[in-house]
Amino acid sequence: MSGSKPRLAWLAYLLVGLIQVTALALNIREVSVPAQIVLMPTLALAALTAPRGRLRTWTLVALFFSFLGDMLPQVVAESWKLPLMLGSFFLAHVAWVTGFWGVRKESALWRRPWTVLPYLAIGVAMVVWCWPGAGVLAPAVALYALALLSTATLATALGRAGWFGGALFILSDGLIAARSFAGFGLPQQDVVVMATYILAHGLLVLGMIRFLQARRSRI
């Protein structure tokens, strides 16, 4: 893409994200739901500006499954919403981990593993907290937490954007789990969840682009 097109892609993502969060805060579902559904396709346009490579490919796969996690709960029966959302986002994390695995030796998990111990502590606490209320989904919650923590720790290979993006992912998904299985709620929790979700995805994609561009510049 030319120099202006990446900026337009990011502007579009930020605009859609702002519209989604604002409409959600104002409880305008006719706007917030469509905006949420187009979030990941819009971010994929920004991801496509990265140099070609395995990491970019798996990033696009992750965005596709996140898109399914945003879209499917809007079109299925209530009883299917949570399982389909968890399943889609779990596959998104599997895709993130698969992409990051190729650069794992540049992550804090490999270089300074003690720095990611807080992530482990948060993950264990989240599973323990949610386990009693998860019922038959408890093993799935534990598996999801493992995938989430793997994404967050391996994303540190992308530098600061990866660190912050991974941390926001833990916050966003943790709030969903706490509400779904432990009955925990915050004022405007949906808004907080979506704001952190949007920022987390944007930071991981930004980190991926910068990482691949830096590698290409060294060739």
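The values are calculated or read from the model by the stated rules, or taken from the named source; none is laboratory data. Worth saying up front: this structure is predicted, and the values here are computed from it rather than measured. Here Cβ is always computed from backbone atoms with ideal geometry, including for glycine, and neighbour counts include all displayed protein chains.
Restricting attention to the stretch 1-36, and to residues there that are part of a helix (DSSP H, G or I) and polar (S, T, N, Q), which single residue is farthest from the chain's Cα centre (by Cα)? Break it down into steps so the answer makes sense when it comes.
Residues of the stretch 1-36 that are part of a helix (DSSP H, G or I), as a first pass: 4-25, 29-36.
Keeping just the survivors that are polar (S, T, N, Q) gives 4, 20, 22, 32, 36.
Details: Ser4: 26, Gln20: 16, Thr22: 20, Ser32: 18, Gln36: 13 Å.
Of everything passing the filter in the stretch 1-36, Ser4 is farthest from the chain's Cα centre (by Cα).
Among the residues of the stretch 55-83, which ones are free of Cβ contacts under 8 Å to residues at least 24 places away in the same chain and under 19 Å from Leu175 (Cβ atoms)?
Listed by number, the residues that qualify are Gly69, Pro73, Lys81.
If you go through the stretch 173-219 one residue at a time, how many are crowded, with 21+ Cβ neighbours inside 10 Å, of a type outside the set (Phe, Trp, Tyr) and either closer than 21 Å to Trp131 by Cβ or modelled with pLDDT under 90 (or both)?
The qualifying residues number 3.
Test each condition in (1) of a type in the set (A, V, I, L, M); (2) within 21 Å of Ala155 (Cβ to Cβ); (3) at pLDDT 95 or above; (4) crowded, with 19+ Cβ neighbours inside 10 Å for Leu14 and report the one that comes out false.
(4)
Any residue in the stretch 97-105 that is in contact (Cβ under 8 Å) with a residue 40 or more places away in the chain, outside any helix (DSSP H, G or I) and either surrounded by fewer than 16 Cβ atoms within 10 Å (Cβ to Cβ) or under 15 Å from the mean Cα position of the chain (by Cα) (or both)?
Taking every residue of the stretch 97-105 in turn, at least one turns out to be in contact (Cβ under 8 Å) with a residue 40 or more places away in the chain, outside any helix (DSSP H, G or I) and either surrounded by fewer than 16 Cβ atoms within 10 Å (Cβ to Cβ) or under 15 Å from the mean Cα position of the chain (by Cα) (or both).
Which condition from (1) surrounded by fewer than 20 Cβ atoms within 10 Å (Cβ to Cβ); (2) within 15 Å of the chain's Cα centre (by Cα); (3) touching a residue at least 24 places away in the same chain (Cβ under 8 Å) is the one that Leu39 breaks?
Here Leu39 meets the rest and fails (1).
Could you tell me which of the residues Ile170, Ile122 is touching a residue at least 12 places away in the same chain (Cβ under 8 Å) and more than 14 Å from the chain's Cα centre (by Cα)? Explain how you work it out, then say what you get.
Working: Ile170 fails: more than 14 Å from the chain's Cα centre (by Cα).
Result: Ile122 is the single residue among Ile170, Ile122 that is touching a residue at least 12 places away in the same chain (Cβ under 8 Å) and more than 14 Å from the chain's Cα centre (by Cα).
Looking at the stretch 51-62, is at least one residue surrounded by fewer than 16 Cβ atoms within 10 Å (Cβ to Cβ), charged (D, E, K, R) and closer than 27 Å to Val97 by Cα?
yes
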